[in-house]
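The values are calculated or read from the model by the stated rules, or taken from the named source; none is laboratory data. Remember, it's a predicted structure, so these values are computed and weren't measured experimentally. Cβ placement follows ideal geometry from the backbone for every residue including glycine, while neighbour counts extend to all protein chains displayed.
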Amino acid sequence: MIGRWAVGEATAGRILGTLPLPQPTVTAPTGVYRPSVDSAMLCRRMVNHMQTHPKGVTSVIELCAGSGIASVYAALAGARVTAVDDTRESVEAVAVNAASNDVTVDVVRSDVRALPRLDPADLVVANPPYVPAPAHMPDGHAWNAGPNGRSVVDSIIGVLPELVRPAGAALLVQSDVCGVTPTLSGLADRGFDAAVTDEVVVDFGPVMHERALWLESQGFIEPGERTERVVVIRAVRSTSAVPRGASR
Ligand SMILES: C[S@@+](CC[C@H](N)C(=O)[O-])C[C@H]1O[C@@H](n2cnc3c(N)ncnc32)[C@H](O)[C@@H]1O
């Protein structure tokens, strides 16, 4: 546990300021998720993982890349990086941010539910949308994740066996509002040894505040609850992993 913090760029900046790499310049134009606490938690854990497994991480795939902040950090740390997002605005932002920090990031525009073939990587990272959303929300593609908040998280869990090479790892960020236990068990079912490595309690930001009464009515949060636990999950793929449904 690293404390109870406010969401937003200032807190993200404070977390990123502790990393042993120069802080890249990253911009997020309209329509692109502005890096926040969850983004910074992912970057921090990813840089730590890369520095403690220096020979084991030469390739990184970032899913749901947004501005590409994690991709830029991964490239600065020396990896070959592929960033995936399904919006035009994001893939353009990743390209701009990579160029302005003098690093190379391959950019793929794709829904995680229909990925093109990608070479498996040593490390796959993602900060996907994870906020439960009532049907027909007009805005919020970067955070709305269906009625149970798991529409993207579960799709990512499903593709990880193809994207993470044996003995490689994945790092996923999510809130406990959409359930950490189903993520850990979904990963275990697919041959990953998964655990929460970082967590922070954050005060609800504007999106969660606006939706709080609906979240209460659906049982996602307790009445009056206005904080959430944001976690980073590390999942290490077993060398002998056999995906669920496959026969030995
Ligand atoms: C919470 S933002 C995170 C952005 C960035 N990784 C960060 O941490 O700052 C989630 C991103 O996922 C993208 N996204 C949402 N649904 C997606 C999907 N089905 N396939 C691929 N990307 C998706 C959004 O466009 C958005 O950029």
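Please determine, by comparing only the residues of the range 97-116 that are among the hydrophobic types (A, V, I, L, M, F, W, C) and in a loop (DSSP other than H, G, I, E, B), which one is nearest to the ligand (Cβ to nearest atom). Of everything passing the filter in the range 97-116, 115 is nearest to the ligand (Cβ to nearest atom). Among the criteria (1) at pLDDT below 95; (2) over 20 Å from residue 148 (Cα atoms), the one residue 192 does not fulfil is (1). Listed conditions (1) part of a helix (DSSP H, G or I); (2) among the polar types (S, T, N, Q); (3) more than 12 Å from the chain's Cα centre (by Cα); (4) at pLDDT 95 or above are all met by residue 82, apart from (1). With the structure loaded, tell me whether residue 125 is away from the ligand (no atom under 11 Å from the Cβ) and under 19 Å from residue 35 (Cβ atoms) or whether it fails that test. In short, no. Across the range 37-64, the number of residues qualifying as touching a residue at least 40 places away in the same chain (Cβ under 8 Å), within 16 Å of the ligand (Cβ to nearest atom) and among the aliphatic types (A, V, I, L, M) comes to 7.
Residue by residue, here is whether (1) β-branched (Val, Ile, Thr); (2) in a helix (DSSP H, G or I); (3) in contact with a strand residue (DSSP E or B) (Cβ under 9 Å, 6 or more places away or on another chain) holds:
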site	(1), (2), (3)
20	no, no, no
49	no, yes, yes
57	yes, no, yes
75	no, yes, yes
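Taken over the range 158-173, the residue count meeting the criterion of being within 30 Å of residue 29 (Cβ to Cβ) and either in a helix (DSSP H, G or I) or near the ligand (Cβ under 10 Å from one of its atoms) (or both) is 4. Within the range 117-140, the residues that satisfy the criterion of being more than 27 Å from residue 53 (Cβ to Cβ) and either assigned to a loop (DSSP other than H, G, I, E, B) or among the polar types (S, T, N, Q) (or both) are 129, 132, 133, 134, 135, 136, 137, 138, 139, 140.
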